[in-house]
Amino acid sequence: MKQPLVRPRHSLTRWPSQKTAPAIAHYRDGGGLLIEHCELPEAACSRLLDHFRLRYGRAQLARMREVACFDAKAPTRRYVDDSEAKRNAASAEIRHLAATMLAPLHAQLDALRTRDPSAVGSERDQ
């Protein structure tokens with residue numbers, strides 16, 4: 001039987017939940033704003049501004065939306081969503097790790113973001 005290429009150490013397998021737990025607790029306590037990656041860049045020009053009580057004029061918002069069309073990692077190129085291509089390129093082992101280690105954490109964050117109290121049992125969401 002072929003050995004897995006990725007052998008996460010015990011501490012590495014705990015890392016995602018250690019990083020996510022404080023964000024969930026902070027949000028449940030009334031802090032923060034959860035934004036899904038696919039909501040960008042529009043959320044940065046609306047919900048994020050509202051959250052921080054920022055106000056900009058139409059020209060400024062138009063410029064923000066114009067600039068948001070470019071790739072942050074390569075600002076001379078237009079942004080192209082490559083999520084599907086990256087998922088397809090991932091090995092079966094990486095997909096398995098994502099499904100078992102990351103998907104449950106993402107589901108918790110997403111439930112909070114969409115205010116689904118049954119998925120997270122938060123008093124804030126009820």
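The values are calculated or read from the model by the stated rules, or taken from the named source; none is laboratory data. Values in this document were obtained by computation on a predicted structure and should not be read as measured data. With ideal geometry, Cβ positions are generated from the backbone for all residues, glycine too; neighbour counts draw on all protein chains shown.
Could you run through the stretch 39-59 and say how many residues are assigned to a helix (DSSP H, G or I) and surrounded by 11 or more Cβ atoms within 10 Å (Cβ to Cβ)? Of the residues in the stretch 39-59, 10 are assigned to a helix (DSSP H, G or I) and surrounded by 11 or more Cβ atoms within 10 Å (Cβ to Cβ). So is THR20 of a type in the set (S, T, N, Q) and closer than 22 Å to ALA111 by Cα or not? So THR20 fits the description; yes. You will find that of ALA74, ALA107, ALA99, ALA90, the residue that is of a type in the set (Gly, Ala, Ser), surrounded by 10 or more Cβ atoms within 10 Å (Cβ to Cβ) and closer than 20 Å to LEU40 by Cα is ALA107 and no other. The residues of the stretch 84-118 that are over 21 Å from GLY30 (Cβ atoms) and touching a residue at least 40 places away in the same chain (Cβ under 8 Å), listed by number, are SER91, GLU93, ILE94, LEU97, MET101, LEU102. LEU5 satisfies every condition listed in (1) closer than 22 Å to LEU105 by Cα; (2) modelled with pLDDT under 90 except (1).
Output yes when any residue across the stretch 26-46 is over 21 Å from the mean Cα position of the chain (by Cα) and either modelled with pLDDT of 90 or more or more than 20 Å from LEU105 (Cα to Cα) (or both), and no when none is. Checked against the condition, which is being over 21 Å from the mean Cα position of the chain (by Cα) and either modelled with pLDDT of 90 or more or more than 20 Å from LEU105 (Cα to Cα) (or both), the stretch 26-46 yields no hits at all.
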